[in-house]
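Single-structure report; data block below.
None of the figures in this text is laboratory data; all of them are computed from the coordinates on show. Just so it is clear, the model here is predicted, and its values are computed rather than measured. For neighbour counting, all protein chains shown are included, and Cβ atoms are generated from backbone atoms with ideal geometry for every residue, glycine included.
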Amino acid sequence: MYREDTPALELRGLTKRYDDGTLALEDFDLKIPAGAFFGLLGPNGAGKTTLISAVCNLLRVTDGEVLVFGEPHDGLDARSWVGLAEQDINLDRFLTVKETLVYHGGYFGMKDPGPRADELIDAFGLQAKRDVRAPRLSGGQRRRLLLARALMHKPRLVILDEPTAGVDFELRMDLWRYIRQLHAEGTTILLTTHYLEEAEELCEEIALIRGGHLIARDSAEGLREHFGVSRLTDVYVKAMAS
Amino acid sequence: MVWLCKRETLRVSKLWTQTVLAPVVSSILFILVFGLSLGGRIKQVGGVDYEVFIVPGLITMGMVQAAYSNNASTIFQARFDRYVNDVLSAPMRPWQMSFGFTVGGVVRALAIGLALLVLAFFLVDVPVKHPFELALAMALGLVLFASLGLVVGIYAETFDHTSFIQNIVILPLTFVGGVFYSIDILPSPWQELSHFNPIFYLVNAVRYGFLGESDVSILLSLAVTAALAIPAYLWAQHLFTTGKRLKD
């Protein structure tokens, strides 16, 4: 497996307080090794999406430091190394499937994004929808396009915020296959999900967060041992109740 | 940045019936209706035929409204649908983002201005007496209103907010900014009050470029427009640099 000394992601004392006073993350430390498949679990409002948004420069951090492969997260290099598939579908309504990928590649500095866009359209089974605008795609097709867009510029760290939320079983299996293949190629993956079986199936390491704090972090097996239970569901229930 | 400029231009071209054709048709209707109906009664303003006199103001009005509304709606939609995140997370500098988003409004306004210029040339034979001053006035006006559109689109909570500024602020100020008349004909205090209307200076700078006629000095007109355009651009730039309202 691909590893290197510099962590793919390092958070030091990350704090985010929103303008309305809500403290979403408080003095949060986290280190994710390069090449890892890392899961982030927690209830709604735990701070998962805030953490991801901070890494991807989508919100203003109140305090702390975020490093991506050793570089400050708001630097141009660090930004080009991260690919994000957000929880909500946020596709440009004016662009077709091909344009969505090509323009994303352009924003991320690719000189000739066309061939890579074609490659991903084939990989994600969107050939028949190549020239269709995003609002006219089905829910599953939009979810595939969202993931394809996140991978377009070949990021070293891919962040997937609940990528299988609300998708049917077949698409979930398809997405798992894509994500596993990506990880096998050496890409670091940070996955948030509400599906515990998904985290157990895919992730090498899992962090449980609640109320903007890290509660526990280990492999699924290690968490079960630590909490003295036999199922990850019970780990989750115990951790969130403690 | 080039790709963001391309995207903004693509949006304008994909919606060309709304973004270019509709404003051109409405401005031409103004020229035909006002020029033909009032032109028979007013004859000349400052030695210029009335139907020619109103053309610079109408071109200005069409262009600045397009620059404003294009940029207000493009950034508001991008925020509302959250695809602005694709740009905000990209390895682009803040000035590249604000420049890229500004380009769409400028391209749209230039397309409208060019179409109106060609049509007005054939309809009323409007001259261009000072092309340099005309280009400078247009450039400053477009920077002002394209930037203002970005700022309003970034602050807007609903689409109505962007329309409100257009319909309650920009449109009335344009109408009373001397598009259809010279302020010389206004009684006091309206004539003096007109000098507090920033669009009055832009309209007069453009009119000077076309006709060589203006209610105020061209230097003053350009200076006032520049004094508004530069802070407006810096304000838009500031919002991208700090992430205020974009990253909340």
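Okay, residues lined up against (1) out of contact with any Leu (no Cβ under 8 Å at 6 or more places or on another chain); (2) free of Cβ contacts under 8 Å to residues at least 40 places away in the same chain:
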{"residue": "B:LEU21", "(1), (2)": "yes, yes"}
{"residue": "B:LEU36", "(1), (2)": "yes, yes"}
{"residue": "B:LEU58", "(1), (2)": "no, no"}
{"residue": "B:PRO91", "(1), (2)": "no, yes"}
{"residue": "B:THR102", "(1), (2)": "no, no"}
{"residue": "B:GLY105", "(1), (2)": "no, no"}
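Close contacts from the range A:207-229, counting a first residue that is under 24 Å from A:LYS16 (Cα atoms) and a second that is of a type in the set (Lys, Arg), with Cβ to Cβ under 7 Å and a gap of 6+ residues or different chains, come to A:ALA207/A:ARG217; A:ILE209/A:LYS48. Listed by first and then second residue, the pairs linking a residue in the range A:185-204 that is more than 21 Å from A:SER53 (Cβ to Cβ) to a residue that is hydroxyl-bearing (Ser, Thr, Tyr) and assigned to a helix (DSSP H, G or I), with Cβ atoms under 8 Å apart and 6 or more places separating them unless they lie on different chains, are A:LEU196/A:THR233; A:LEU196/A:TYR236. Within the range B:127-159, the set of residues being without any contact (Cβ under 8 Å) to a residue 12 or more places away in the chain and not in a helix (DSSP H, G or I) comprises B:GLU157, B:THR158. Could you list, in sequence order, the residues of the range A:83-99 that are more than 7 Å from every other protein chain (Cβ to nearest Cβ) and either closer than 30 Å to A:GLU10 by Cα or of a type outside the set (S, T, N, Q) (or both)? Hits for the range A:83-99 are A:GLY83, A:ALA85, A:GLN87, A:ILE89, A:LEU95, A:VAL97, A:LYS98, A:GLU99. Among the residues of the range A:72-130, those identified as touching a residue at least 40 places away in the same chain (Cβ under 8 Å) and in a helix (DSSP H, G or I) are A:SER80, A:VAL97, A:THR100, A:LEU101, A:HIS104, A:GLY105, A:ALA123.
Of the residues examined, A:PRO135 is not one that is part of a loop (DSSP other than H, G, I, E, B), of a type outside the set (S, T, N, Q) and within 11 Å of chain B (Cβ to nearest Cβ).
Taking the range A:227-236 as the range and being under 20 Å from A:LEU202 (Cα atoms) and surrounded by fewer than 15 Cβ atoms within 10 Å (Cβ to Cβ) as the test, the residues that pass are A:SER230, A:ARG231, A:THR233. Only a single criterion out of (1) within 13 Å of another protein chain (Cβ to nearest Cβ); (2) closer than 24 Å to B:ILE165 by Cβ is not satisfied by B:ILE59, namely (1).
With respect to B:ALA120, determine if the residue is under 15 Å from the mean Cα position of the chain (by Cα), small (Gly, Ala, Ser) and farther than 30 Å from A:ALA54 by Cα. Here the answer is no, as B:ALA120 does not meet what is asked.
Within the range B:196-230, the residues that satisfy the criterion of being closer than 16 Å to B:VAL126 by Cβ and charged (D, E, K, R) are B:ARG207, B:GLU213.
Does A:GLY114 satisfy the criteria of being of a type in the set (Gly, Ala, Ser) and surrounded by fewer than 16 Cβ atoms within 10 Å (Cβ to Cβ)? So A:GLY114 passes the test. Residues in the range B:11-48 that are within 14 Å of chain A (Cβ to nearest Cβ) and surrounded by 18 or more Cβ atoms within 10 Å (Cβ to Cβ): 3 in all.
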